[in-house]
Amino acid sequence: MFKLPLVNLVFLALTGITLAHPTAQQNTSTFVPASTRSTLRRDPSSTTSGLATVYTSCINKGQVAVTFDDGPYIYMKEISDQLTQHGAKGTFFVNGNNYGCIYSDDNVARIRYALSQGHEIASHTWSHPHLTELTSNQVKSELTRINDALRKTLGIIPRFMRPPYGEYNDEVRKVANSLGQSVVIWDQDSGDSDGYDMKYQKSIYKDFVSRNPKASGTAIFLNHETHDTTAHELLPYAIQQLQSAGYQLVALSVCLGIDPYLSQGAPSKKDSTWKC
Ligand SMILES: [Zn+2]
């Protein structure tokens, strides 16, 4: 049973209207920008409108992207390992300076480890602001600063950018597009950072599987790697539920059919610019 009409999310995605943190339980959206339906693997961000494409759902049925925001943080390695042990891949939307500085030795080791395990790293902005309250220049700084950090520490520039709180407008889309990036939201929110109890968080996965049995659906799940309970209770349950129903847990780029990085090279050597 659907609690929110599908049209809400599609409408917001199509219009680019500011998305106040979407209510946790949402339906699997089928919104796929027309420009990307038949030509995967090309750059989807260079839209003629000058606005970055906004993805709210995956494309490939039977595949789901389990995503983790707000790190890097202390549970990243455990989350990576759990996924790896189950033949699964995850996607981490990381900040530059949120729970800690991305340039710290610990955090550099964490993101390098996750990447080395085949998980994907994407942008969640530098400092986790409300992007819709910033000027264009400030938005640009938020996006380029985290991109620079990921280029220096990992050698990658991410294509996918998730705005904090899911909030974006045309200015945000314009800036993202100018950097070649796409905006990625979600269609299933575990509610792990909204104060919901574990029963509710698990129900998001259980209900998704009930509504979409036998790998008949697709979804982008929102979680936060900064919660002990997400790493140790929710994730094991999510993996079990999804895999029992035949779902493949894949990196975001796989279920979107789009390359995850604008460029990939060697990381730089640590220098005095590695600071927050
Ligand atoms: Zn966040």
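List of remarks:
- Of the residues screened, residue 84 is not one that is at pLDDT 95 or above and surrounded by 24 or more Cβ atoms within 10 Å (Cβ to Cβ).
- Some residue of the range 183-201 being surrounded by fewer than 24 Cβ atoms within 10 Å (Cβ to Cβ) and among the aromatic types (Phe, Trp, Tyr): yes
- All positions within the range 52-81 that are at pLDDT 95 or above, surrounded by fewer than 20 Cβ atoms within 10 Å (Cβ to Cβ) and aliphatic (A, V, I, L, M): 74
- Members of the range 173-199 that are in contact (Cβ under 8 Å) with a residue 60 or more places away in the chain and over 21 Å from residue 263 (Cα atoms): 185, 186, 187, 188, 189, 190, 191, 193, 194, 196
- Of the residues making up the range 46-93, those that are of a type in the set (Phe, Trp, Tyr) and either farther than 19 Å from residue 121 by Cα or more than 15 Å from the chain's Cα centre (by Cα) (or both) are 73, 75.
- Test for residue 173: is it within 15 Å of residue 267 (Cβ to Cβ), buried (at least 20 other Cβ atoms within 10 Å of the Cβ) and basic (Lys, Arg): no
- Summed over the range 104-142, residues that are part of a loop (DSSP other than H, G, I, E, B) and of a type in the set (S, T, N, Q) total 5.
- Of the residues 224, 232, the single one that is of a type outside the set (S, T, N, Q), surrounded by 19 or more Cβ atoms within 10 Å (Cβ to Cβ) and either modelled with pLDDT of 95 or more or under 16 Å from the mean Cα position of the chain (by Cα) (or both) is 224.
- Condition check for residue 133: over 19 Å from residue 186 (Cβ atoms), free of Cβ contacts under 8 Å to residues at least 24 places away in the same chain and within 14 Å of the ligand (Cβ to nearest atom): no
- Considering the range 63-100, and only residues there that are hydroxyl-bearing (Ser, Thr, Tyr) and in a helix (DSSP H, G or I), the residue that is nearest to the ligand (Cβ to nearest atom) turns out to be 80.
- Of the residues making up the range 161-169, not a single one is surrounded by fewer than 19 Cβ atoms within 10 Å (Cβ to Cβ), assigned to a loop (DSSP other than H, G, I, E, B) and among the hydroxyl-bearing types (Ser, Thr, Tyr).
The values are calculated or read from the model by the stated rules, or taken from the named source; none is laboratory data. Everything numeric here is computed off the predicted structure, so don't read it as measured data. Note that each Cβ is placed from the backbone with ideal geometry, even for glycine, and that neighbours are counted across all protein chains shown.
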